[in-house]
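Colleague: Attaching a single structure in structure tokens format; questions to follow.
All of the numbers you see were taken from the coordinates with simple rules; none came from a lab. Given the structure is predicted, the values throughout are model-derived calculations rather than measurements. A quick note on method: Cβ atoms are made from the backbone with ideal geometry, for glycine too, and the neighbour counts reach across all protein chains shown.
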């Protein structure tokens, strides 16, 4: 026979009681049919209805989503990177109105899927933003709560990331002035994140060995730890580029290498708006951001067949899949590879 098992919270009890119900003989139905019948039985019993769950929760109070958020912000959010500062705003705008007063027990896979679908249908958030919002909710609820869930998210449109080629890099560096000439040269030679290069101190550079020790990053105008544990690393640099940086530093022995007029860390949005994009416009190439340097450097390393593990180590990635996402192959390079392969066959 088929027997269905389920759990129910009895009024006045803090725990769950296991129950079983007879479904029918195996010779009369298949397993999928038995499952469908069990769902009908549970619906008739009202086991999965919100009213039944709320009745049991009222007699044995459970944590609400608002309470969980308050606890999470005080005890876990404080340990995340400063770049996570926008999370409370996302929670307040997109989650509290929907889940705020609900018990955590009532926030199940079906309810969350409906919430995701409404966010998508409203058109107020891009598929990427919806994915990020769902990730925040998943963090707040905890791995154990969402274990086994299969939330379907809107499909993201893959957009080709802008990357700076060696030819473009040379033109940009030649057109740059002041500290931005050595900064751009170093960024293209290393593929460092903007926050890492903005957080560089003179004492982080070993000119004898031509190595940079990356020990920190920045968020806006605040120095922070590196983005990940893998971000704390040593990067080998072309001696010619290190010479350019050394000439810029001069006799300084400590302090930030690159900084604003007020001595604070450089902010990438300001560099993009007031320096890099205007240069691109002036020299007649598509506009780029500081992140395009990183994509360009990784692409050059891949095109020159540098071992993947070494690239991952130099750029501070945690896995090779991430490195692959930063790799771009121009049309002339692909044609070159095809020609080389054809030549080997002959």
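Colleague: Taking only C-alpha pairs under 8 Å that are 6+ residues apart, what is the relative contact order of region 166-334 in percent? If you can, show how the numbers build up before the last one.
Modeller: Numbers: 247 pairs, mean separation 43.0, N = 169.
Relative contact order of region 166-334: 25 percent.
Colleague: So, one more: Limiting things to C-alpha atoms, what are the Rg and the maximum Cα-Cα separation (Dmax) for region 166-334, in angstroms?
Modeller: Cα radius of gyration and Dmax of region 166-334 are 15.3, 46 Å respectively.
Colleague: Highest mean first, how do 250-258, 275-283, 198-206 rank when packing is the count of other Cβ atoms within 10 Å averaged over residues?
Modeller: Per-residue mean Cβ counts within 10 Å order the peptides as 198-206, 275-283, 250-258.
Colleague: In nm, give the distance between the simple-model label positions of residue 66 and residue 160, each being 7 Å from the Cα along the Cα-to-Cβ direction.
Modeller: If labels sit at residue 66 and residue 160, their model points lie 5.0 nm apart.
Colleague: Helix-only mean residue ellipticity at 222 nm, the chain, DSSP H runs n ≥ 4 weighted -39,500 (n - 2.57), per residue, nearest 500. What is it?
Modeller: Calculated at 222 nm, the ellipticity per residue is -14000 deg cm²/dmol.
Colleague: Take the Cα atoms of region 139-188, find their three principal axes, and give me the spread along each one in whole Å, biggest first.
Modeller: Dimensions of region 139-188 along the principal axes of its Cα atoms: 54, 23, 13 Å.
Colleague: Scaled to the compact-protein estimate 2.2 N^0.38 Å, what is the alpha-carbon radius of gyration of region 276-346, rounded to two decimal places? All intermediate terms of the calculation are to be shown ahead of the outcome.
Modeller: Numbers: Rg = 15.3 Å, N = 71, 2.2 N^0.38 = 11.1 Å.
Here the Cα radius of gyration is 1.37 times the empirical estimate.
Colleague: Give the separation of the Cα centroids, region 261-338 to region 145-191, in Å.
Modeller: That distance is 5 Å.
Colleague: Could I ask something else about it? Can you sort 332, 234 from fewest to most other Cβ atoms within 10 Å of each residue's own Cβ?
Modeller: Going from least to most buried by this count: 332, 234.
Colleague: Using the beta-carbon distance between residue 262 and residue 132 and R0 = 22 Å, what value does 1/(1 + (r/R0)^6) give for FRET efficiency, to the nearest 0.05?
Modeller: With R0 = 22 Å, the Cβ-Cβ based efficiency is 0.10.
Colleague: Taking Cα pairs under 8 Å and at least six residues apart, what relative contact order does the chain come out at, in percent? Before the final figure, lay out each step's value.
Modeller: On the way: 402 pairs, mean separation 43.9, N = 346.
Rounded, it is 13 percent for the chain.
Colleague: In 10 Å bins starting at zero, report the fraction of Cα pairs in region 65-146 per bin as a rounded %.
Modeller: Bins of 10 Å from zero give 16, 55, 27, 1 percent of pairs.
Colleague: How high is the relative contact order of region 230-318? Use alpha-carbon pairs under 8 Å, at least six apart in sequence, and give a whole percent.
Modeller: Answer for region 230-318 is 40 percent.
Colleague: Could you check how many percent of all C-alpha pairs in region 68-221 are farther apart than 24 Å?
Modeller: On the way: 6482 of 11781 pairs.
Of all Cα-Cα distances in region 68-221, 55 percent exceed 24 Å.
Colleague: Does anything in region 98-132 have its amide N under 19 Å from the 7 Å Cα→Cβ label point of residue 73, and if so which residues?
Modeller: 98-104
Colleague: Which FRET efficiency value, to the nearest 0.05, is calculated for residue 37 and residue 92 with the Förster distance at 41 angstrom and r the Cβ-Cβ distance?
Modeller: On the way: r = 43 Å, r/R0 = 1.05.
For R0 = 41 Å, the calculated efficiency reads 0.40.
Colleague: Continuing with the same structure: Running a GNM on the chain with Cα contacts under 10 Å, which residue among 292, 189, 175 ends up with the highest mean-square fluctuation?
Modeller: Result for the chain, Cα springs under 10 Å: 175 fluctuates most.
Colleague: Please report the projected area of the chain's Cα convex hull averaged over all directions, in nm².
Modeller: Values: hull surface 109.4 nm².
With every direction weighted equally, the projected area is 27.3 nm².
Colleague: Moving on. How far apart, in nm, are two points set 7 Å out from the Cα along the Cα-to-Cβ line at residue 111 and at residue 281?
Modeller: The two pseudo-label positions are separated by 5.0 nm.
Colleague: To make sure I understand, if each residue's beta carbon is the centre and we count other beta carbons within 10 Å, what order do 333, 22, 6, 326 fall in, fewest to most? Walk me through the numbers on the way to the answer.
Modeller: Numbers: 333 13, 22 10, 6 16, 326 21.
Ordered from fewest to most neighbouring Cβ atoms within 10 Å, 333, 22, 6, 326 come out as 22, 333, 6, 326.
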